[in-house]
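Worksheet: one structure, shown below.
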Amino acid sequence: MSSDLISTADASRISIPAEDEDVAALRRSVVAKLTYAVGRDPLVATDRDWFMAAALAVRDHILERWLASTRTNFVSKGKRVYYLSLEFLIGRLLHDSLNNLGLVERMRAALAELGVDYDRLRNIEPDAALGNGGLGRLAACFMESMATLCIASHGYGIRYTHGLFRQVIDKGWQKELPEDWLTFGNPWEVARPDVMHPIGFGGTVETDAGRCVWSPAEIVNAVAYDTPVIGWRGHYANTLRLWSAWAADSIHLDAFNRGDHVGALETRARANAISQVLYPGDDTPAGQELRLRQEFFFTSASLQDLVARHMRQHNGDIRLLPDKAAIQLNDTHPAIAVAELMRILVDLHEIPWDEAWRITNGTIAYTNHTLLPEALESWPVSLMERLLPRHMQIVYQINRLHLDAVCAMQRSDGAPLAALSLIDDNAGRRVRMSSLAFLGSHRINGVSALHTELMRQTVFRDLHRLYPDRIVNKTNGITLRRWLFAANPRLTALLTDIVGTRLLDDGEALTAFAGAADDAGVHERLAQIRRANKQALAKLVADRLHIAIDPDALFDVQIKRVHEYKRQLLNILETIALYNEIRARPTFNWVPRVRIFAGKAASSYHRAKLIIKLINDVAHVVNGDPAVRGLLKVVFLPDYNVSMAEAIIPAADLSEQISTAGMEASGTGNMKLALNGALTIGTLDGANVEIRERVGADNIFIFGLNAEQVVERRRRGPGARETVADLPVLQAVLDAVAYGVFSHDEPGRFRELMEELTGSDHFMVTADFAAYVEAQRNVALRWQNRPAWWRSSVLNTANLGWFSSDRAIREYAEDIWHATPRRP
């Protein structure tokens, strides 16, 4: 075993000889890159120059393995997996790549010889702005696991110039600024200007000798940028191919020479807009059109690309596509792939419709990530007909044949045909994209056991009755290399001491750690490790927010996208209740606690942004109140991203997973936090159900209504007003917020938000409040019994190995893709 692979677990125990040739070679490579690629003399080089040089040197190591893997894939002619996702939240890559290559300490030593601090350098790298939350991070974990398991694959997405947005907090309000992650270049990507595919929009469809010919009115070119994804131990690498939108005609010279300098560039601006921003606002017709253009752009480019590769590799036999390619749609965004692949097969390759449908259905699979109707996506028929006229014809044909088959089989099981149709006539004629993805896929998977069952019962109930074998479960997973070995090397060192280094290759080897659950010595080491991680996080908070937090306090963490169903509002209301209690009972033995929030709200989601403002207003009051005596602090860390998660997660004591039951598909933050030893407080939602099964009910704090009870309460009550009337503590909190205790500058700022809680309260904040308060008090009791706390922490870490993305990918490969690993 390479000593560097062990060193990622415990850098302090590794010494590298000064004469180590690998260190010398890395040093020479970095200097060469600094000189000939960056163009800087070491005497005047900045930290950013050194970072670029180091990254380019590491990329050379990756490229060797990438090219070898690509060659192996081509020669073997085996099956490839194509993972289509609108997001890939890959985070920083320098440390991650060095970790997987086993070169962290050698690079540290090489840079030290050059007078450069590695840890300072790695923090210069910007997070790649290619995603928003769990969907994109899951895609990144899956790509790394496919490379680790030597499964030939390509990830396909968009190379966003600005990504989502950079979040700043201005007087407590979220403000959105452009994310300029590409300003200084991206050392990891390889530009492929020769790989370009035309993407059509609009135009007309004509029939020629029985064939449909689409003549688009507008062509945008999709240009490829490749990022190699290196697997664990550097044995194998796959490709993340991202598309950038270029205008077919970048400038109209006639208009420019006439003096219309802006108008001459209009076509380029319209094309470039496609790959500028992730999730542009869709509350206007123009915003809706841009979103659809984005989704079709990257889906069409990816399908054209993979079909072209298939034809080159397999002697032009398109009929072999299901045997040689597996296309996985990561959520509903690429659902137009069903119609686009049919167009490619029928119109371009002249495959008869029935056979083309067999090929399409046998090649495509679809992962659903949400039960929220607004996230399942539907597009106005009028927009589809204008922007993608040929695809709308194909959708109509798929729908007609589908409904004809339903009638012929007499298998609607009582569901009206309108409920089974791809066209929703009750919503102003819209195309149901999730239903299109369902019909066009041979497998549809949920991402936790509960979510999968709810899919069968709710959003796909009628289609599931027709095709009862299509929906399967594949519970999400996370890569331990990123979220344990790299993010928490101190804990990894302890684990390798107890379990052995085999856990570096087999996450489920963690189960042996359970034997140390009652070991006082292990508890002491865990406490030291956690405190060191908390000190690092406390420094980050102090540097960014000028708030001092006590590393000996309980760090209570909720880090995720801000949305009403994730219930940051429940958390902050209970925080206010705790604040009131601390002031009312100053002599009680309170557990010092730091409530840490981080996450972005969609730019057009006013209520979520109002919740962020409330959190910051409460923080301002609580943190400045001397009566609290530091027993409670509230922190909102702005601009949450992968790198921030890597700092917060190893320092967390308590993991808040408190979504309204039945609304979180799975979650992966719950897995990352529990893996690092945080105890979970949460509802029976998403993967919390399976985490409880693994760690034991005594080692997780479950509270509140379950999914069935949520449905029943919405249907029958009692109502929120009656609930609040029975809870004086909650009533006091709502009144305080509604009447401006935390918003003296604008007393009525949160009144409407509080009135909603005593009205419909769709997300069950009031219904679960009392149970949440009780669960939090149980948390405090457990914290005060330190042996019991650390026992639960050990059992969480020990039983989270099953939630590895390696396990998830093996299940996809065996049950859905039928893809076998390569050996380089």
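The values are calculated or read from the model by the stated rules, or taken from the named source; none is laboratory data. From a predicted model like this one, the values you see are computed outputs, not experimental measurements. Cβ atoms come from the backbone with ideal geometry, glycine included; neighbour counts cover every protein chain shown. These accessible areas exclude ligands, DNA and RNA; they are computed on the full protein's heavy atoms, side chains included. Shrake-Rupley method; radii C 1.70, N 1.55, O 1.52, S 1.80 Å.
Sort out which residues of segment 779-820 are open to solvent by 70 Å² or more (accessible area, probe 1.4 Å) and of a type outside the set (A, V, I, L, M, F, W, C), and write them in order of number.
Gln784, Asn785, Arg786, Pro787, Arg791, Arg810, Glu814, Asp815, His818, Thr820 - these are the residues of segment 779-820 that are open to solvent by 70 Å² or more (accessible area, probe 1.4 Å) and of a type outside the set (A, V, I, L, M, F, W, C).
Six or more apart or on different chains, Cβ under 7 Å: which pairs go from a residue in segment 495-507 that's more than 15 Å from Trp483 (Cα to Cα) to one that's at pLDDT 95 or above and open to solvent by 20 Å² or more (accessible area, probe 1.4 Å)? Could you list them?
Val499/Ala512
Tell me yes or no: at least one residue of segment 799-818 is within 30 Å of Ala326 (Cβ to Cβ), assigned to a helix (DSSP H, G or I) and of a type in the set (Lys, Arg).
There is at least one residue in segment 799-818 that is within 30 Å of Ala326 (Cβ to Cβ), assigned to a helix (DSSP H, G or I) and of a type in the set (Lys, Arg).
Do the conditions hold for Ala308, that is, is it over 15 Å from Leu436 (Cβ atoms), at pLDDT 95 or above, assigned to a helix (DSSP H, G or I) and open to solvent by 10 Å² or more (accessible area, probe 1.4 Å)?
For Ala308, the condition - over 15 Å from Leu436 (Cβ atoms), at pLDDT 95 or above, assigned to a helix (DSSP H, G or I) and open to solvent by 10 Å² or more (accessible area, probe 1.4 Å) - is met.
Of all residues in segment 360-375, how many are within 20 Å of Tyr396 (Cβ to Cβ) and surrounded by fewer than 21 Cβ atoms within 10 Å (Cβ to Cβ)? Walk me through how you get there before you give the answer.
At the first step, the residues of segment 360-375 found to be within 20 Å of Tyr396 (Cβ to Cβ) are 360-361, 364.
Filter once more, keeping what is surrounded by fewer than 21 Cβ atoms within 10 Å (Cβ to Cβ): 361.
Selection size over segment 360-375: 1.
If Ile124 satisfies all but one of (1) in contact with a strand residue (DSSP E or B) (Cβ under 6 Å, 6 or more places away or on another chain); (2) within 18 Å of Pro638 (Cα to Cα); (3) hydrophobic (A, V, I, L, M, F, W, C), what's the number of the condition it fails?
Unmet for Ile124, out of (1) in contact with a strand residue (DSSP E or B) (Cβ under 6 Å, 6 or more places away or on another chain); (2) within 18 Å of Pro638 (Cα to Cα); (3) hydrophobic (A, V, I, L, M, F, W, C): (1).
Evaluate the following for Ala771: is it out of contact with any His (no Cβ under 7 Å at 6 or more places or on another chain), surrounded by fewer than 23 Cβ atoms within 10 Å (Cβ to Cβ) and without any contact (Cβ under 8 Å) to a residue 12 or more places away in the chain?
Taking the combined requirement at face value, the residue does not satisfy it.
Here is a yes/no grid of residues against (1) free of Cβ contacts under 8 Å to residues at least 40 places away in the same chain; (2) open to solvent by 30 Å² or more (accessible area, probe 1.4 Å); (3) outside any helix (DSSP H, G or I); (4) of a type in the set (S, T, N, Q):
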| position | (1), (2), (3), (4) |
| --- | --- |
| Val75 | yes, yes, no, no |
| Gly78 | no, no, yes, no |
| Val81 | no, no, yes, no |
| Glu87 | no, no, yes, no |
| Ser97 | no, no, no, yes |
| Arg108 | no, yes, no, no |
| Asp119 | yes, yes, no, no |
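Considering every residue within segment 366-385, establish whether at least one is free of Cβ contacts under 8 Å to residues at least 24 places away in the same chain, more than 29 Å from the chain's Cα centre (by Cα) and closer than 24 Å to Cys212 by Cα.
Yes: segment 366-385 contains one or more residues that are free of Cβ contacts under 8 Å to residues at least 24 places away in the same chain, more than 29 Å from the chain's Cα centre (by Cα) and closer than 24 Å to Cys212 by Cα.
Output the qualifying pairs, or none if there are none: Cβ atoms under 7 angstrom, residues six or more apart or on different chains, first residue in segment 290-302 and more than 13 Å from Ala273 (Cα to Cα), second residue open to solvent by 10 Å² or more (accessible area, probe 1.4 Å).
Going by the 7 Å Cβ cut-off, the qualifying pairs are Ala301/His197.
Pick from segment 476-533 the residues that are among the polar types (S, T, N, Q) and assigned to a helix (DSSP H, G or I): which of them is most open to solvent (accessible area, probe 1.4 Å)? Give the derivation first.
Looking only at segment 476-533, we keep the residues that are among the polar types (S, T, N, Q), and these are 476, 479, 488, 492, 496, 501, 511, 528, 533.
Those still in the list that are assigned to a helix (DSSP H, G or I) too: 492, 496, 501, 511, 528, 533.
On the way: Thr492: 0, Thr496: 17, Thr501: 47, Thr511: 80, Gln528: 108, Asn533: 14 Å².
Selected residue: Gln528.
Test Glu574 against the criterion of being open to solvent by 10 Å² or more (accessible area, probe 1.4 Å) and assigned to a helix (DSSP H, G or I), and give yes or no.
Taking the combined requirement at face value, the residue does not satisfy it.
All but one of (1) touching a Leu at 6+ places or on another chain (Cβ under 6 Å); (2) of a type in the set (A, V, I, L, M, F, W, C); (3) assigned to a loop (DSSP other than H, G, I, E, B) hold for Ile649, so report the exception by its number.
Answer for Ile649: the failing condition is (3).
Sort out for me the strands (runs of 3 or more DSSP E) sitting completely within segment 136-210 that have 1 or more residues that are under 22 Å from Ala224 (Cα atoms) and of a type in the set (Gly, Ala, Ser).
153-158, 190-201
So, in segment 254-292, of the ones that are under 21 Å from Ile199 (Cβ atoms) and of a type in the set (Val, Ile, Thr), which residue ends up least open to solvent (accessible area, probe 1.4 Å)?
Per the stated criteria, the residue is Ile274.
Taking into account only those residues within segment 19-68 that are aromatic (Phe, Trp, Tyr) and within 22 Å of Arg120 (Cα to Cα), which is farthest from the chain's Cα centre (by Cα)?
Trp50
Rundown of residues vs (1) closer than 30 Å to Gly624 by Cβ; (2) at pLDDT below 95; (3) part of a helix (DSSP H, G or I), yes/no style:
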{"residue": "Ser655", "(1), (2), (3)": "yes, no, no"}
{"residue": "Ala674", "(1), (2), (3)": "no, no, yes"}
{"residue": "Gly677", "(1), (2), (3)": "no, no, no"}
{"residue": "Ile681", "(1), (2), (3)": "yes, no, no"}
{"residue": "Glu708", "(1), (2), (3)": "no, no, yes"}
{"residue": "Gly740", "(1), (2), (3)": "yes, no, no"}
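When you check Phe256 against the structure, is it in a helix (DSSP H, G or I), closer than 23 Å to Leu436 by Cα, touching a helix residue (DSSP H, G or I) at 6+ places or on another chain (Cβ under 6 Å) and among the aromatic types (Phe, Trp, Tyr), yes or no?
no
Given the conditions (1) open to solvent by 10 Å² or more (accessible area, probe 1.4 Å); (2) in a loop (DSSP other than H, G, I, E, B), which single one is not true for Asn580?
(2)
Asp653 is checked against (1) crowded, with 24+ Cβ neighbours inside 10 Å; (2) within 11 Å of Val557 (Cβ to Cβ) and fails just one. What number does that condition carry?
Here Asp653 clears every test but (1).
All but one of (1) of a type in the set (D, E, K, R); (2) surrounded by fewer than 23 Cβ atoms within 10 Å (Cβ to Cβ); (3) over 28 Å from Asn123 (Cα atoms) hold for Glu646; which doesn't?
(3)
Within segment 573-595, is there a residue that is over 16 Å from Gly630 (Cβ atoms) and touching a Gly at 6+ places or on another chain (Cβ under 8 Å)?
Scanning segment 573-595 turns up no residue that is over 16 Å from Gly630 (Cβ atoms) and touching a Gly at 6+ places or on another chain (Cβ under 8 Å).
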